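This report refers to the structure that appears directly beneath it.
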Amino acid sequence: MRRAVCPGSFDPVTHGHLDIIGRAATLFDEVVVAVGANESKKGLFSAEERMDMIRVAVRHLPNVTVDSFAGLLVDFCEDHDAQVVVKGLRAVSDFDYELQMAQMNGSLTSVDTVFVPTSPEWSYLASSLVKEVARGGRDVSGLVPPHVVTALAERLGTGPRVR
């Protein structure tokens, strides 16, 4: 069985993330979405909240599970018998950073990294941009699933501006 890990902060999960997760689910027998839980990095949503949002968004994918990790990703992969890390790439700048991470991970363990280019319609999308747009009261319903729109509005106390 080929098990892959899709790691990230997912604060919040976007359609871009879900594009990569869904495509990984067609390539591997099992995909574990690994939500990074870094206590020193304050996110908008807790790791548990992010995991819950992802679980709702991927419930139609029977070979996808969601878990969290702290520490080194390669340790999580070894603990979960995962042979591959799947990373989405939006731009060349992502590749520069992710290649360095993949090479470091490869020097520590036998886990390989597979890069999946983000679909063009999501190439500009980042969680930080979604949060910024939502904070400004703009509609993010085309960028994240409906339950995430609701969670953002509740957390930020905002709603879309009517024009």
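The values are calculated or read from the model by the stated rules, or taken from the named source; none is laboratory data. Predicted model, so just to flag it, every value in this text is computed and none were measured. Methodologically, a virtual Cβ is constructed for each residue, glycine included, from the backbone with ideal geometry; neighbour enumeration extends over all protein chains shown.
Tabulated results
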| quantity | calculated |
| --- | --- |
| Pairs with Cβ under 9 Å, 6+ apart, first in region 121-141 and in contact (Cβ under 8 Å) with a residue 24 or more places away in the chain and within 12 Å of Asp11 (Cα to Cα), second of a type outside the set (Gly, Ala, Ser) and loosely packed, with under 14 Cβ neighbours inside 10 Å | none |
| Sole residue being modelled with pLDDT of 95 or more, exposed (fewer than 15 other Cβ atoms within 10 Å of the Cβ) and under 29 Å from Ala151 (Cβ atoms), chosen from Glu30, Glu48 | Glu48 |
| Residue among Asp96, Asp139, Asp79 that alone is at pLDDT 90 or above and loosely packed, with under 14 Cβ neighbours inside 10 Å | Asp79 |
| Lone unmet requirement of (1) in contact (Cβ under 8 Å) with a residue 40 or more places away in the chain; (2) in contact with an Asp or Glu (Cβ under 6 Å, 6 or more places away or on another chain) for Val5 | (2) |
| Residue list for region 24-77, filter: under 12 Å from the mean Cα position of the chain (by Cα), over 24 Å from Met104 (Cβ atoms) and not charged (D, E, K, R) | Met51, Met53, Ile54, Ala57, Val58, Val66 |
| Residue pairs meeting the criteria (Cβ under 6 Å; at least 6 apart or on separate chains; first more than 17 Å from Glu48 (Cα to Cα), in region 8-30; second of a type outside the set (A, V, I, L, M, F, W, C) and in a loop (DSSP other than H, G, I, E, B)) | Gly16/Thr118; Asp19/Ser119; Ala25/Asn63; Phe28/Arg2; Asp29/Arg2; Glu30/Asn63 |
| Every pair of residues 6+ apart whose Cβ atoms lie under 7 Å, when the first sits in region 55-71 and is of a type in the set (Gly, Ala, Ser) while the second is part of a loop (DSSP other than H, G, I, E, B) | Ala57/Val13; Ala57/Pro145; Ser68/Ala37; Ala70/Ala37; Ala70/Asn38 |
| Residue within region 47-59 that is of a type in the set (Asp, Glu) and within 23 Å of Met101 (Cα to Cα) present | no |
